[in-house]
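Below: the structure, in structure tokens.
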Amino acid sequence: MTRARALGIALISLWAVLGLGIVLFLISSWNPELFQRYLPRYASGLWVTIKLVTLSVLAGALLSVPIALGRNSRNRLIAALAYGYVYFFRGTPLLAQTFLVYYGLGSFREELQAVGLWGFFRDAWNCAVFAFALNTAAYQAEILRGAIQSVGRGQWEAASALGLSRLQTIRMIIVPQALLVALRPYGNEIVLMIKGSAIVAIITVYDLMGETRRAYARTFDFQTYIWAALIYLTIVEMLRRGIDRIERRLTRHLIR
């Protein structure tokens, strides 16, 4: 019995005791009436969370492509601008970025009204999607850039020898291999977005955490937060299993 093994067993035992304690707490304090009353609200909040994360990730994916290309550009100005974007959004908290969009842009109401954008930024939901998309675009750009760089230089040379243009090489050879490398980091980024989406409750978007806060404010029952934690845990676990299955299917040709 080594020290590392003993420590591992102790930590696992601690987690088991904590998990058992939570289960016993939920059983002892179970309130069917409370559950039935707030279940529709939790379902509504969960749907808002799913929509927020999905729209943000898709918009960020579209935005990440030119940013990743800019990071690899030979033009120093373009590369510097892309680097500055990634540096800012990866180096500052998502909460601060959300506040900058929701509260900061409100200071420019007249200017936004002049260009017809105030109707968009006056809505908390739109501000949340906008801020989350800008944030995840920076992370996805670095994931995509690293995945592209992981493809061997010989792939480019082979494509050139076949007479393929640079665009054809990227689209048909480099990107398919890069996406395979980037699949796991993309999954991790989506998980982080799901967990980070809870902060939108602060700007009056009633997602899953927003509905949880409202339920607790009316009942002062701590199990409302345990329900939310279990729902988040279930979503993340389903996503993890889905990514594992996709990865196994896409890499089945690599298994010897």
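The values are calculated or read from the model by the stated rules, or taken from the named source; none is laboratory data. Predicted model only: the values in this text are computed from it and were never measured. Positions of Cβ are generated from backbone atoms using ideal geometry, with glycine treated the same way; all protein chains shown enter the neighbour counts. Note: accessible area is taken over every heavy atom of the protein model, side chains too, but ligands, DNA and RNA are not part of it. Shrake-Rupley method; radii C 1.70, N 1.55, O 1.52, S 1.80 Å.
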*asked:* If the requirement is being under 24 Å from A68 (Cα atoms), open to solvent by less than 70 Å² (accessible area, probe 1.4 Å) and of a type in the set (F, W, Y), which of these qualifies: Y232, Y186?
replied: Y186
*Of all residues in the stretch 13-34, how many are more than 28 Å from the chain's Cα centre (by Cα) and open to solvent by 70 Å² or more (accessible area, probe 1.4 Å)?*
10
*Quick one: what pairs do we get from the stretch 20-31, first residue in a helix (DSSP H, G or I), second open to solvent by less than 80 Å² (accessible area, probe 1.4 Å) and at pLDDT 75 or above, C-beta under 8 Å, 6+ apart or different chains?*
I22/I226; F25/Q223; F25/I226; L26/Q223; L26/I226
*Tell me, yes or no, whether the stretch 41-61 has at least one residue that is over 27 Å from A228 (Cα atoms) and surrounded by 10 or more Cβ atoms within 10 Å (Cβ to Cβ).*
yes
*State whether one or more residues within the stretch 63-71 are free of Cβ contacts under 8 Å to residues at least 24 places away in the same chain, out of contact with any strand residue (DSSP E or B) (no Cβ under 7 Å at 6 or more places or on another chain) and exposed (fewer than 14 other Cβ atoms within 10 Å of the Cβ).*
no
*Collect the residues in the stretch 235-256 that are modelled with pLDDT of 85 or more, over 30 Å from P32 (Cα atoms) and open to solvent by less than 60 Å² (accessible area, probe 1.4 Å), keeping them in residue-number order.*
G242, I243, D244
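The rows are residues; the columns are (1) over 18 Å from the mean Cα position of the chain (by Cα); (2) without any contact (Cβ under 8 Å) to a residue 12 or more places away in the chain; (3) on the phi < 0 side of the Ramachandran plot.
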position	(1), (2), (3)
S107	yes, yes, yes
E111	yes, yes, yes
L134	no, no, yes
E142	no, no, yes
L162	yes, yes, yes
T169	yes, no, yes
V175	yes, no, yes
_Odd one out for G196, checked against (1) in contact (Cβ under 8 Å) with a residue 60 or more places away in the chain; (2) among the small types (G, A, S); (3) open to solvent by 50 Å² or more (accessible area, probe 1.4 Å)_ = (3)
*Hey, I202 hits all of (1) more than 19 Å from P40 (Cβ to Cβ); (2) touching a helix residue (DSSP H, G or I) at 6+ places or on another chain (Cβ under 7 Å); (3) open to solvent by 40 Å² or more (accessible area, probe 1.4 Å) but one; which does it fall short on?*
(2)
*Determine, yes or no, whether D221 is charged (D, E, K, R), open to solvent by less than 50 Å² (accessible area, probe 1.4 Å) and within 24 Å of A128 (Cα to Cα).*
no
*Using the structure shown, decide if R41 is touching a residue at least 24 places away in the same chain (Cβ under 8 Å) and among the basic types (K, R).*
yes
